[in-house]
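Here the structure comes first, spelled out in structure tokens, and everything after it is commentary.
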Amino acid sequence: MVETKIKCSFCNENAVTRIGYAKLWLCKEHFIQFIEKKVFNTFKRYGLGGKNWRILAAVSGGKDSVSMLYILHKLSKDIGFELIALHIDLGIGEYSKISREVVENLCKSLGIPLIVLDLKELTGFNLPEMVSKTKRPPCSLCGLIKRYLINVAAQELKANAVALGHHLDDLIPYIIKNFVLQNLFEISKLGPKTDTLNGLVGRIRPLYEVSEDEIMLYAYLAKLPFVQNECPYSARKGLEKTIREFINNAEKRHPGFKIAFARSIAKNIEIYKNIGKEEPLKQCKICQSPSNSEICSFCKITAKVAGKPLGSEVKTKIAQLHLLNLNHTSTT
Ligand code: AMP
Ligand code: FES
Ligand code: ZN
Ligand code: ZN
């Protein structure tokens, strides 16, 4: 946020920020409106959801997904979709405790139904225990667990889509990295939406055209509660950091670069889907979830950690939680 005596482009208030690519100075109220309108337009532009859809918003408690949830809550009335929130408690000490509280309090205050999936309750192990038993890098382990649990919950709820809090500055570095490494099919998964296919519920990214700075300022100005600390396992890798610096530099010199890039990717997403196409997803032989191999990663990992694959058991537990909680309130 900049303290300035320059007036907002739309009213007489002092501006708090400048939006270079739109050539606008905006006051607090108009900035908030600008971001909300942008997300609304993203919904329309990419067809992210419509009337009577059920959207499951995955909320970690960080600024991105908290802001996403808050904006989706407002849009749900205008567009007419149903919104349910989902939080996964990974059991990473204080970090997870605070994250869960933030999401629970926010959902309560906004009246959004919330499902909390507690990894320890579902499997008997929290993430740090799984990390030490498997010796796998925490973030990749965490990613596969979250993807699995989010998909099971979305299937159970018959959600039309799962909303994720990825923004421009999350996505562009991955797109560039995958391009450099020529993992072109991977790029097809990094657009504003993926369709439901072979048991994998589609994903939407309502913050597709919002930058990290914008979402940070939005969360701050809208006075949203969010977890400030980073996950203790988080580590930004070298190449990704270099790419981030490059795109921020490009944006400074050529305002609008990031959005133009993201739009071009979205336009060509079908091309990426067809280049280097992976084999169609199979069904895990144990739990019947979508999988790249005969046995899904979740069943493999839990077999290592617990001595037996837990996919089916976890799916049954989640299904029962859903049935037992028709209001979809927290499971504990
Ligand atoms: P990350 O995988 O940390 O980059 O997070 C990407 C997105 O996944 C977030 O913006 C959320 O939408 C979702 N997400 C991450 N962690 C959680 C969690 N613990 N519970 C629910 N959703 C999550
Ligand atoms: Fe997944 Fe940190 S939240 S490793
Ligand atoms: Zn104004
Ligand atoms: Zn499985």
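Throughout, read-outs are computed from the coordinates displayed, never taken from laboratory work. Given the structure is predicted, the values throughout are model-derived calculations rather than measurements. A quick note on method: Cβ atoms are made from the backbone with ideal geometry, for glycine too, and the neighbour counts reach across all protein chains shown.
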>> Only four residue types carry charge here, +1 at the Cβ of Lys and Arg and -1 at the Cβ of Asp and Glu. Report the dipole size of the range 221-299 about the Cα centre in Debye, rounded to the nearest 20.
In response: 340
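Provide Asp213, Asp170, Asp64, Asp195 in ascending order of the number of other Cβ atoms located within 10 Å of each residue's Cβ, fewest first.
Asp195, Asp213, Asp170, Asp64
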> Can you give the direction-averaged projected area of the convex hull of the alpha-carbon atoms in the chain, in nm²?
Replying inline: 17.0
> Which angle from 0 to 90°, rounded to the nearest 10, does the C-alpha axis of helix 238-253 make with the longest principal axis of the chain?
Replying inline: 20
> Helix 297-306 versus the longest principal axis of the chain: what angle, 0 to 90°, nearest 10, using Cα atoms?
Replying inline: 60
> If you place +1 on the Cβ of every Lys and Arg and -1 on the Cβ of every Asp and Glu, how big does the dipole about the Cα centre of the range 158-207 come out, in debye to the nearest 20?
Replying inline: 160
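How much of the DSSP bridge set in the chain is antiparallel, in percent, rounded to the nearest 5?
35
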> Hey, how many Å between the Cα centroid of the range 181-236 and the Cα centroid of the range 288-318?
Replying inline: 26
> Under 16 Å from the 7 Å Cα→Cβ point of Ser264, by amide nitrogen: which residues of the range 187-228?
Replying inline: 187-188, 191
>> In the chain, if the dipole is taken from +1 on Lys/Arg beta carbons and -1 on Asp/Glu beta carbons about the Cα centre, which of Ile92, Gln228, Ile79 is farthest to the positive end?
In response: Ile79
> Do any of Lys177/Lys252; Lys5/Lys193; Lys37/Lys267; Lys177/Lys285; Lys135/Lys285 go past 30 Å between their Cα atoms, and which?
Replying inline: Lys5/Lys193; Lys177/Lys285
> Can you put Trp53, Trp25 in order, fewest other beta carbons within 10 Å first?
Replying inline: Trp53, Trp25
>> Here is the link list: Lys282/Lys304; Lys108/Lys273; Lys108/Lys189. Which ones come out longer than 28 Å on Cα distance?
In response: Lys108/Lys273; Lys108/Lys189
> If you line up the long axis of helix 311-324 against the longest principal axis of the chain, both from Cα atoms, how many degrees apart are they, to the nearest 10?
Replying inline: 70
